[in-house]
Amino acid sequence: MLPTKAFVVQSSTSPFEPFQFKRRDVGDRDILIKIDYCGVCHSDLHQVRNEWGNAVYPMVPGHEIVGHVVRIGKDVKKFKVGDLAGVGCLVDSCRTCESCKQGLEQFCLKQPAWTYNSTEMDRKTPTYGGYSNQIVVDKKYALKISPKLELAAVAPLLCAGITTYSPLRHWNTKKGDRVGVVGLGGLGHMAVKLAAAMGAEVTMLSSSTSKEADARRLGAHAFALTSDEETFKRLAGHFDLIIDSVSAAHDLNKYLGLLRIEGALVLLGVPPQPAEVGAFGLITGRKTLSGSLIGGIAETQEMLDFCAEKGITSDIEIIPIQKINEAYERMLRGDVRYRFVIDMKTL
Ligand code: NAP
Ligand code: ZN
Ligand code: ZN
């Protein structure tokens, strides 16, 4: 077993503190990654504070992991020692169900092994995430990272990147499509960059007056304030696709009104409270209300390769791990431009 250092929470109300645990030895199909950076996702905060009601403690969060391969099992050809590698939200799945066979491991019918707050497929061994100095993972669930991009700024692609790329691809985003992005945070800023790179005409829909210049710099062609009722009149029937990344409860009916006939509103954010949706807003114009959950392993690799080709990374603020409690408070206040990334050297 491999002694591993981490930061942990012991309950929904306790702050992060240092923690030691053991990872499994490197098996024949495994790689050992020395973690250089780990992004801080709002899903980490939801789970740490048990807002989804599924928290298991002690919890070591972190699913935007990048680092260097330091050891490989004897059956590993995909990676060699010294390569860059990444791990996202899942570390294993059943590999045999319909979803897994289609490369939709995130929808594994037997439940994937999530990177943290979960168990390995044995349903016994707890999984611990990337707020730690190393991780052992089966080669199939590890991603190849291009050395062309700034490594710290690649980390958020492993969740925020794939979570926004997957619905844009699924709804076939192409040149000239009108895409709205709701919420300019970690996911939202990646949605703007990726949709713009696919040729869409992107509108940022934000509750923060202070984010307009940033939205435009990130690639948005227009900006609209969601706190202004005028926005919902002016943009009624405008969008082919709306990507909703808001982490708190909000009125979805207003956004359905912004869709064209047969447009789609796709929920990415996971507010703890359920939303109320009126049927009229959907039947009128045959609109779609959908959701999307990260992406499969092959699609995550496709997204990383797309970003390497286009030179797309995340806008980040690097923090030492000792600042993680403060970073959570800042994330709640919307005070992050646009993703915190932990420098794991500081652990
Ligand atoms: P984030 O960086 O905190 O961004 C969330 C954004 O939502 C904020 O920047 C803010 O944007 C907006 N917002 C927050 N509170 C609001 C409120 N009360 N009213 C209106 N707007 C509000 O979070 P994130 O890491 O991007 O994650 C966003 C959500 O997606 C979270 O719920 C997370 O759990 C979820 N998520 C889902 C998946 C998936 O696979 N579906 C993957 C990762 C994360 P403005 O200031 O621009 O309004
Ligand atoms: Zn995430
Ligand atoms: Zn499966």
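What aspartates and glutamates does Lys110 reach when the alpha-carbon gap must be under 14 Å and sequence neighbours fewer than 8 apart in one chain are set aside?
Asp92, Glu98, Glu120, Asp122
Which whole-number value in Å² is the accessible area per residue of the chain, probe 1.4 Å?
With the other protein chains kept in place, the chain gives 42 Å² per residue.
Just name one of Leu332, Ala224, Thr163: the one whose Cα is farthest towards the positive end of the charge dipole of the chain (beta-carbon charges, Lys/Arg +1, Asp/Glu -1).
Result: Thr163, furthest along the dipole toward the positive end.
In whole percent, and with a 1.4 Å probe on the protein chains, what portion of the accessible area of the chain is carbon and sulfur?
Exposed carbon and sulfur together represent 52 percent of the surface.
Select from the chain the helices, each a whole stretch of DSSP H, whose alpha-carbon atoms run 18 Å or more along the helix axis and whose Kyte-Doolittle mean is at least -1.0; answer none if there are none.
297-310
How would you rank 249-257, 54-62, 10-18, 116-124, highest first, on the average number of other Cβ atoms within 10 Å across their residues?
Answer by packing, highest mean first, reads 54-62, 249-257, 116-124, 10-18.
Between segment 128-186 and segment 1-49, what's the alpha-carbon centroid distance in Å?
Using only Cα atoms to place each centre, the spacing works out to 19 Å.
Name the shape class, rounded, prolate or oblate, that the alpha-carbon gyration tensor gives for segment 165-236, where a ≥ b ≥ c are the square roots of its eigenvalues, rounded holds for a/c under 1.5, and otherwise prolate holds if a/b is larger than b/c and oblate otherwise.
Values: a/c = 1.92, a/b = 1.44, b/c = 1.33.
Cα axes put segment 165-236 in the prolate bin.
Under 17 Å between alpha carbons, and skipping anything fewer than 8 positions from Lys310 in its own chain: which aspartates and glutamates qualify?
Cα-Cα hits under 17 Å: Glu150, Glu299, Glu302.
Suppose every K and R has +1 on its Cβ and every D and E has -1 on its Cβ; what is the size of the dipole of segment 161-291 about the Cα centre, in Debye to the nearest 20?
On the way: 14 positive and 12 negative charges, 85 e Å.
Value, rounded to 20: 420 debye.
Can you compute the radius of gyration and Dmax for segment 161-291, using only the Cα atoms, both in Å?
13.2, 37
Given contacts defined as C-alpha pairs under 8 Å and at least six residues apart, what's the relative contact order of the chain, whole-number percent?
Values: 819 pairs, mean separation 61.3, N = 347.
Here the relative contact order equals 18 percent.
Sort 297-303, 159-165, 320-326, 283-289 by packing, meaning the average of other beta carbons within 10 Å per residue, with the highest value first.
For the peptides 297-303, 159-165, 320-326, 283-289, the packing ranking is 159-165, 297-303, 320-326, 283-289.
I'd like to know which of Ile321, Thr300, Leu289 lies farthest towards the positive end of the charge dipole of segment 270-347, counting +1 on Cβ of Lys and Arg and -1 on Cβ of Asp and Glu.
After comparing all options, I get Leu289.
Which value, in nm² and rounded to one decimal, describes the direction-averaged projected area of the C-alpha convex hull of segment 250-296?
3.7 nm²
Please list 3J(HN,Hα) in residue order for segment 239-249, calculated via the Karplus relation 6.51 cos²θ - 1.76 cosθ + 1.60 where θ = phi - 60°; whole Hz, with x for glycine and proline.
Residue by residue, segment 239-249 yields 9, 6, 8, 10, 9, 9, 10, 6, 8, 10, 4 Hz.
Report the charge-dipole magnitude of the chain in Debye, nearest 20, computed about the Cα centre from +1 at each Lys and Arg Cβ and -1 at each Asp and Glu Cβ.
Values: 42 positive and 39 negative charges, 157 e Å.
With Lys and Arg at +1 and Asp and Glu at -1, about 760 debye.
For the chain, what ratio Rg/Rh do Cα atoms give with a Kirkwood hydrodynamic radius?
Reported Rg/Rh (Cα atoms, Kirkwood Rh): 0.97.
Extent of segment 1-142 along each principal axis, from alpha carbon coordinates, in Å, largest to smallest?
The Cα atoms of segment 1-142 stretch 43, 34, 24 Å along the principal axes, largest first.
Taking the Cα centre as origin and putting +1 on Lys and Arg beta-carbons and -1 on Asp and Glu beta-carbons, what dipole magnitude results for segment 223-309, to the nearest 20 debye?
The calculation lands at about 420 debye.
From the mean inverse distance of alpha carbon pairs (Kirkwood) and the Cα radius of gyration, derive Rg over Rh for segment 67-213.
Numbers: Rg = 17.6 Å, Rh = 17.4 Å.
Taking Rh as the inverse mean 1/r over Cα pairs, Rg/Rh reads 1.02.
Using Stokes-Einstein with the Kirkwood hydrodynamic radius over Cα pairs, what translational diffusion coefficient do you get for segment 25-102 at 20 °C and a viscosity of 1.002 mPa s, in µm²/s rounded to a whole number? Numbers along the way, then the final one.
Details: Rh = 14.6 Å.
Once the numbers are plugged in, D ends up at 147 µm²/s.
Rounded to the nearest 0.05, what FRET efficiency do Gln20 and Lys80 give with R0 = 30 Å and r taken as the Cβ-Cβ distance? Could you check?
Step by step, r from the Cβ atoms, then E = 0.55.
Using a Gaussian network for the chain with springs between C-alpha atoms less than 10 Å apart, which of these wobbles most: Lys211, Lys174, Lys101?
Lys101
Based only on the alpha carbon positions, what is the Kirkwood hydrodynamic radius of segment 209-347, in angstrom?
Details: mean 1/r = 0.0563 Å⁻¹.
Kirkwood radius, segment 209-347: 17.8 Å.
Cross-chain or 8 or more residues apart, Cα under 24 Å: how many lysine pairs in segment 161-291 fit that? Count them up, please.
10
The values are calculated or read from the model by the stated rules, or taken from the named source; none is laboratory data. Small disclaimer: the values here were computed from a predicted structure and weren't measured. Every residue, glycine as well, gets a Cβ built from its backbone with ideal geometry; the counts of neighbours run over all protein chains shown. SASA here: full protein model, heavy atoms, side chains in, ligands and nucleic acids out. Shrake-Rupley method; radii C 1.70, N 1.55, O 1.52, S 1.80 Å.
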